[in-house]
1. Only one residue in K104, K111, K99, K139 is loosely packed, with under 12 Cβ neighbours inside 10 Å and at pLDDT 95 or above, so which one is that?
2. If you check I86 against the conditions, is it under 19 Å from T5 (Cβ atoms), in a helix (DSSP H, G or I) and of a type in the set (A, V, I, L, M)?
3. Residues that are β-branched (V, I, T), open to solvent by 90 Å² or more (accessible area, probe 1.4 Å) and at pLDDT 75 or above: does region 6-24 have at least one?
4. Taking the conditions exactly as written (over 30 Å from L36 (Cβ atoms) and among the basic types (K, R)), does K104 satisfy them or not?
5. Only one residue in D91, D75 is modelled with pLDDT of 95 or more and loosely packed, with under 12 Cβ neighbours inside 10 Å. Which one?
6. Tell me, which residue of region 114-136 that is among the hydroxyl-bearing types (S, T, Y) and part of a helix (DSSP H, G or I) is most open to solvent (accessible area, probe 1.4 Å)?
Amino acid sequence: MVITTKEELKYRLRQHKAICLLIDSNLKELKTLEELAERTTPTYSLVPSGASNNSSNVETAVIKKIALEGKIQQDNIRLIQVANEIRGYLDLLDDYYPKLILHKRYLLNEKWNKIIDDVSFGERTVFRFYNEGLDEIIKRMAVNDSEHS
C-alpha cells in the first residue's frame, strides 16, 4: 500500500500504539480471569445434587482464559508485523534526528515531553524534525512506487 498523505502515514504509525493498548487491556482481563479461577473453588458434598455452580464458573473462566491467550498471541504477532512495517518506513530516512524522534514516538510510544527532554532540542526543533521525517517518508515512498510501476 502506497501512502500519499501525512495523515495516512500517521494513521499507520499509530497502529503500533493501538495494538499495544489492546494487548495491555487483554492482559488485564486475563489477570482478572486468573484471579477469578483462583478464588473459585469447587464445593464437595456427600449429598448428590446437580452440577455445582462453582465448578462451572471455573470451567467458564478457564475457557475464556484460553481464548484470550489466543487473542493475545495473535495481537503480539500483529504487533511485530506493524513494528517491522514502521522500521521499514524509518529506514527510508537518512537523517538520524527525524528517525530517532519517529522511533521514540511510534515504536516506543513515548510522550512528546519525554522525547523533547531526551533529544535536548527545543519543542519547535523536535516538531520540525518530526514533520521533515514524515514528509521524507512520503516522498521516498512515492519515488519507490514510481520506480516499481
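The values are calculated or read from the model by the stated rules, or taken from the named source; none is laboratory data. Bear in mind that the values here come from a model prediction, so they are computed numbers and not experimental data. When we count neighbours, we look across all protein chains shown, and the Cβ atoms used for this are built from the backbone with ideal geometry, even at glycine. Surface accessibility is based on the protein's heavy atoms, side chains included, excluding ligands, DNA and RNA. Shrake-Rupley method; radii C 1.70, N 1.55, O 1.52, S 1.80 Å.
1. K111
2. Yes, satisfied.
3. no
4. It is true that K104 is over 30 Å from L36 (Cβ atoms) and among the basic types (K, R).
5. D91
6. Result: T125.
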